[in-house]
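So the structure is just underneath, and the comments pick up after that.
No value in this document is a laboratory result; all are computed from the given coordinates. The shown structure was predicted, so the numbers you read here are calculated from the model rather than taken from an experiment. Positions of Cβ are generated from backbone atoms using ideal geometry, with glycine treated the same way; all protein chains shown enter the neighbour counts.
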Amino acid sequence: SPAIPSLRLRDSAVSNFGNLTDSDESWIGSLPNAGAFLAGFFVGTLMTRLGRKWAILVFQIPFLIGWLLIIFASNLGMIMAGRVLTGFGGGAMTLIAPVYISEVVEDKIRGAMSTIMALFLVTGILFS
């Protein structure tokens with residue numbers, strides 16, 4: 001995670017987490033992937049029951065809660081829980097967005113829109 005150096009600072013106004021171990025840092029970096037994995041078990045069912053648009057809106061709730069946990073974190077557990085929830089929301093969007101895009105755009109531009117979404121996703125991963 002790009003924020004790990006800020007969390008390492010012991011006397012900083014940014015961090016009050018003390019000494020982070022290598023294991024803590026690894027968990028912080030990998031927990032979003034675990035959250036994204038878990039989202040896959042719920043996305044299909046909710047997309048079918050609620051529809052694509054409402055599923056997108058519902059999955060923004062864990063994303064928002066995750067960011068609030070990270071922003072207002074007072075201990076390492078809150079950061080880790082926030083990372084799982086943001087990963088959950090991000091993983092859900094990675095699955096729902098292509099389906100939603102393919103259903104709402106015109107036939108002529110469907111392929112381009114789907115490709116652009118995938119391109120922006122991997123470009124964001126590259127630069128983060």
Are there any chymotrypsin sites (Phe, Trp or Tyr not before Pro) in the range 44-104 that are in a DSSP loop and have at most 16 other Cβ atoms within 10 Å? List them by number. PHE72
Calculate how steeply helix 76-104 sits against the longest principal axis of the alpha-carbon atoms of the chain, using the helix alpha-carbon long axis, and give the answer as 0 to 90 degrees to the nearest 10. 10 degrees
Unit charges on C-beta of K, R, D, E only; dipole of the chain, Debye: 280 debye
With runs of 4+ DSSP H residues as the only contributors, calculate the mean residue ellipticity of the chain at 222 nm using -39,500 (n - 2.57) per run, divided by the residue total and rounded to the nearest 500. -26000 deg cm²/dmol
Over the alpha carbons of the chain, what is the largest minus smallest coordinate on each principal axis, giving the biggest first in Å? 56, 30, 22
Scoring only Lys, Arg, Asp and Glu (+1, +1, -1, -1) among other residues with Cβ under 12 Å from the Cβ of LEU31 yields -1
Kindly state, to the nearest 0.05, the FRET efficiency for ASN19 paired with LEU121, given R0 = 41 Å and r defined as their beta-carbon distance. 0.75
If I build a Gaussian network model for the chain, linking alpha-carbon pairs within less than 10 angstrom, which residue out of MET117, MET47, MET80 has the largest mean-square fluctuation? MET117
Mean Cα-pair separation over length for the chain, i.e. relative contact order, pairs under 8 Å, 6 or more apart, %: 26 percent
Expressed in nm², what is the orientationally averaged projection area of the convex hull enclosing the Cα positions of the range 22-88? 4.4 nm²
Starting from the Cα of ALA3, step 7 Å toward the Cβ, then list every residue of the range 81-121 with an amide N under 17 Å from that point. 81-91
Fluctuation leader among ALA55, ALA34, ALA118 - the chain, Gaussian network, Cα springs under 10 angstrom: ALA118
For MET113 and LEU50, what is the calculated FRET efficiency with R₀ set at 22 Å and r taken between the beta-carbons, to the nearest 0.05? 0.50
Subtracting the Cα-Cα distance from 0.36 nm times the residue separation, let me have the gained length for VAL105 to ILE65 in nm, one decimal. 11.4 nm
If you build a Gaussian network model of the chain, linking Cα atoms that sit under 10 Å apart, which residue out of VAL43, VAL104, VAL84 swings the most? VAL104
Selection from ILE116, LEU85, TRP67, by position along the positive dipole direction of the chain (Cβ): ILE116
C-alpha long axis of helix 22-50 to longest principal axis of the chain, angle in °: 30 degrees
What angle do you read, to the nearest 10 degrees and between 0 and 90, between the alpha-carbon axis of helix 60-71 and the longest principal axis of the chain? 20 degrees
Just need the Rg to Rh number for the range 71-128, please, alpha carbons only, Kirkwood Rh. 1.16
